1. Toward the positive end of the charge dipole of the range 1-115, about the Cα centre and with charges on Cβ (Lys, Arg +1; Asp, Glu -1), which of A111, V79, V16 goes farthest?
2. Roughly what percent of Cα-Cα pairs across the chain reach past 19 Å?
3. Using unit Cβ charges (K, R positive; D, E negative) and no other charged atoms, how large, in debye to the nearest 20, is the dipole of the chain about its Cα centre?
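Since every read-out is calculated from the coordinates, none of them should be taken as a lab result. A quick note: this is a predicted structure, and the numbers were derived from the prediction, not measured. Positions of Cβ are generated from backbone atoms using ideal geometry, with glycine treated the same way; all protein chains shown enter the neighbour counts.
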Amino acid sequence: MLFPRTIRMDSTDTQVFEQAAESGEWAVSGSFAFADSGPGDLVGKRRVAFRSAFLGTESFGWSTFVSVSDIDTESYEAVIRRLAEHFVARYGAPSVEAALPVARSEAEFAASLAAEHRVNMLLAVEREMEEGGIRERFRALQPPREADHAKIWALVPDNE
């Protein structure tokens, strides 16, 4: 099965988010973290996370990009369990057992995002607050190909 995994291209995430995910964490969309927010609540680093970040499932920090990766069943089930525990600790879910179906739904959605792409494809998210809730758009980032770039000079032997 394919699943999103955080990736850090440079140190930007550590500067723009309150808490940055470590590179290599399994990740979910994380929009649930903003479900009770209004536009006035989304300022500063929280606003940056809302607009363009995935949520790591180990540190529960944010990552601008994720990479599509293979996940084994044991790791997938661990993601679901950590999410359920997070829902209890952070959002007041009554128990891990009660939170498991919601956590599984979040993991299934993340897996569905990854399933559309090949391994190592980078994904990005854009969110905005709308009257009916949060709107998310996901996009795949194609790496540049050599043919996309023009040579601006060439080395040639000196005839002298």
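1. Positive-most Cα among the choices belongs to V16.
2. Values: 7412 of 12720 pairs.
Of the Cα pairs, 58 percent sit more than 19 Å apart.
3. Numbers: 17 positive and 26 negative charges, 62 e Å.
Around 300 debye, computed over the chain.
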